[in-house]
1. In the stretch 235-252, what residues are part of a loop (DSSP other than H, G, I, E, B) and surrounded by 13 or more Cβ atoms within 10 Å (Cβ to Cβ)?
2. Residues of the stretch 174-224 being basic (Lys, Arg) and either part of a loop (DSSP other than H, G, I, E, B) or in contact with an Asp or Glu (Cβ under 9 Å, 6 or more places away or on another chain) (or both), which ones?
3. Of the numbered conditions (1) surrounded by fewer than 11 Cβ atoms within 10 Å (Cβ to Cβ); (2) among the polar types (S, T, N, Q); (3) touching a helix residue (DSSP H, G or I) at 6+ places or on another chain (Cβ under 8 Å), Asn220 fails exactly one; give the number of that condition.
4. What residue, of Lys193, Lys198, Lys211, is among the basic types (Lys, Arg), more than 30 Å from Ser71 (Cβ to Cβ) and surrounded by 16 or more Cβ atoms within 10 Å (Cβ to Cβ)?
5. How many of the residues making up the stretch 161-173 are assigned to a helix (DSSP H, G or I) and buried (at least 16 other Cβ atoms within 10 Å of the Cβ)?
6. Working only within the stretch 141-155, note down all residues that are without any contact (Cβ under 8 Å) to a residue 24 or more places away in the chain and closer than 23 Å to Met92 by Cβ.
7. Residue by residue through the stretch 16-39, note down the ones that are within 23 Å of Phe98 (Cα to Cα) and loosely packed, with under 15 Cβ neighbours inside 10 Å.
Amino acid sequence: MEGRITSSIENGIGTITFFHPQSNSMPGTQLRNLAEEIEKLGKDESAKVIVLQSEGEKAFCAGASFDELISIKDIDTGLKFFSGFAMVINAMRKAPKFIIARVQGKAVGGGVGIASSADYTFAVNDASIKLSELAVGIGPFVVGPAVERKVGTSAFCQLTINATEWQTAQWAKEKGLYAEIFSTTEEMDNSIKTLAQKLAASNPEAMMMLKKIMWEGTENWDTLLLERAGMSGTLVLSDFTINAINTFKAKN
């Protein structure tokens, strides 16, 4: 049940694709590999813009791997796992190029964090979102800053507290998480291609400066997100969380 990360660069457009057979969920190793790939393309001068996408149709990303969550037996392992999401978000934040996210299906937990960390996010009408962490005994501590930055405190609280309810793609667009939504993946892909081509032909230095300005105020995230990972890493060891995750897995 292993996942994969692939990347390519064509005509100035770098594309990173991730996949996992369990609804594109994210084991720790895959998170670290994804962060490394983002950093690599960020440094590659032949890539002027980055498109981040996943394989399949139903799920963009189901967040943390539950199988790995319930295997965590100590704080260090928990910290290491949740640090993977911190690494991905910080890699996206610090990449000196605009990152376009292609959200072709539902996003849950860490998947919402990844979609929120992109600089411009396209989605289809079926791409509902949910921050389900509280429902399994933890909280969206690591992805929280990225989500809150995009949708605002009120909407972030709504997602966090009402952890079992899906919010529609239209809701996500109204709150600013999705820049554009489409009826079909074909329409979305055409728009992604158009924007990516425009950005690939734009001034790289100007885009780098703009991105730095857009992310002002997040310079402490290298430390903050690791601290948040420690919170999740501690909670995942509790009997409450272990039982909640097992109950959730049994229902799905």
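No value in this document is a laboratory result; all are computed from the given coordinates. No experiment lies behind these values; they were computed from the predicted model shown. Methodologically, a virtual Cβ is constructed for each residue, glycine included, from the backbone with ideal geometry; neighbour enumeration extends over all protein chains shown.
1. Once the filter is applied, which keeps residues that are part of a loop (DSSP other than H, G, I, E, B) and surrounded by 13 or more Cβ atoms within 10 Å (Cβ to Cβ), the stretch 235-252 yields Val236, Leu237.
2. Lys211
3. With respect to (1) surrounded by fewer than 11 Cβ atoms within 10 Å (Cβ to Cβ); (2) among the polar types (S, T, N, Q); (3) touching a helix residue (DSSP H, G or I) at 6+ places or on another chain (Cβ under 8 Å), Asn220 is out only on (3).
4. Lys211
5. The number of residues fulfilling the criteria is 4.
6. Glu148, Thr153, Ala155
7. Of everything in the stretch 16-39, just one residue is within 23 Å of Phe98 (Cα to Cα) and loosely packed, with under 15 Cβ neighbours inside 10 Å, namely Glu36.
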